[in-house]
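Everything below concerns the one structure shown next.
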Amino acid sequence: VTEPKPAPAGIKIDIGCGTNPTPGYVACDARALKNVAHVFDFGTARWPFKDNTVVEIIMQHSIEHISYRRLPFVLGEARRVLAPGGKLIIRTPDSRFIIDHYLAGKITKEFPPDQEFIANNFGGDPNNLTPGWWAVLKMFSGQDYSGNEHRFCFDFETLAGVLKSQGFPNAKRFTDKPVWSPGEIYCEVLKP
């Protein structure tokens, strides 16, 4: 199988950027936040970009916030706006990591305000959550505003299969990229 050639220079977009838009990318989010250029629900609304005009899409911990039933639409929009050879980058929690750690009784440090909320309201040490509470945070996110809850969690093999079924074959996982949260999947795939 031959790899597609990289797309020519063009726009890069950050879908679901929240309060941390990626420098050099057009910031897109469902909320009208500072530095967000396009406000739309990426899970239900047509993306505000022309066909084949985007060279890179990054979805950093955003894809898991839509229903898995909306994945065909979302990945269809990504395929539509990406130029041939354009790159889709997805960072998302890894269910295999979460399950393995939970079963082994291990935890990782997570977002401090979430850990503090759990400890303040349900007891325990905010710096040493129980594996059960830790798994809740990993699987279901902070839930501090509407939309900040996860709706699904994939392992890499399942995510790669979903991407392939939607016209993005040959997804590659990288483990040498900086992480936002321990145990995330970082994958890249090029539009054929």
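The values are calculated or read from the model by the stated rules, or taken from the named source; none is laboratory data. The model shown is predicted, which means the values in this text are computed figures rather than measured ones. So basically every Cβ, Gly included, is an ideal-geometry build from the backbone, and we count neighbours across all protein chains shown. Note: accessible area is taken over every heavy atom of the protein model, side chains too, but ligands, DNA and RNA are not part of it. Shrake-Rupley method; radii C 1.70, N 1.55, O 1.52, S 1.80 Å.
Figures for the structure shown
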{"quantity": "Those helices (runs of 4 or more DSSP H) lying entirely in the range 74-192 with at least 1 residues in contact (Cβ under 8 Å) with a residue 60 or more places away in the chain, open to solvent by 40 Å² or more (accessible area, probe 1.4 Å) and touching an Asp or Glu at 6+ places or on another chain (Cβ under 7 Å)", "calculated": "95-104"}
{"quantity": "Where a residue in the range 30-48 is more than 16 Å from Ile58 (Cα to Cα) and without any contact (Cβ under 8 Å) to a residue 24 or more places away in the chain and its partner, wherever it lies, is open to solvent by 60 Å² or more (accessible area, probe 1.4 Å) and of a type in the set (Ser, Thr, Tyr), with Cβ under 7 Å and at least six apart", "calculated": "Leu33/Thr19"}
{"quantity": "Residues located in the range 39-55, provided they are open to solvent by less than 60 Å² (accessible area, probe 1.4 Å) and farther than 21 Å from Glu149 by Cα", "calculated": "Trp47, Phe49, Thr53, Val54, Val55"}
{"quantity": "The one condition in (1) part of a loop (DSSP other than H, G, I, E, B); (2) within 19 Å of Glu188 (Cα to Cα); (3) in contact with a His (Cβ under 7 Å, 6 or more places away or on another chain) that Gly24 fails to fulfil", "calculated": "(3)"}
{"quantity": "Residue pairs meeting the criteria (Cβ under 7 Å; at least 6 apart or on separate chains; first in contact (Cβ under 8 Å) with a residue 60 or more places away in the chain and of a type outside the set (Asp, Glu), in the range 51-64; second open to solvent by 10 Å² or more (accessible area, probe 1.4 Å) and in a strand (DSSP E or B))", "calculated": "Gln60/Arg91; His61/Arg91"}
{"quantity": "So Glu64, is it modelled with pLDDT of 95 or more, under 17 Å from the mean Cα position of the chain (by Cα) and part of a strand (DSSP E or B)", "calculated": "no"}
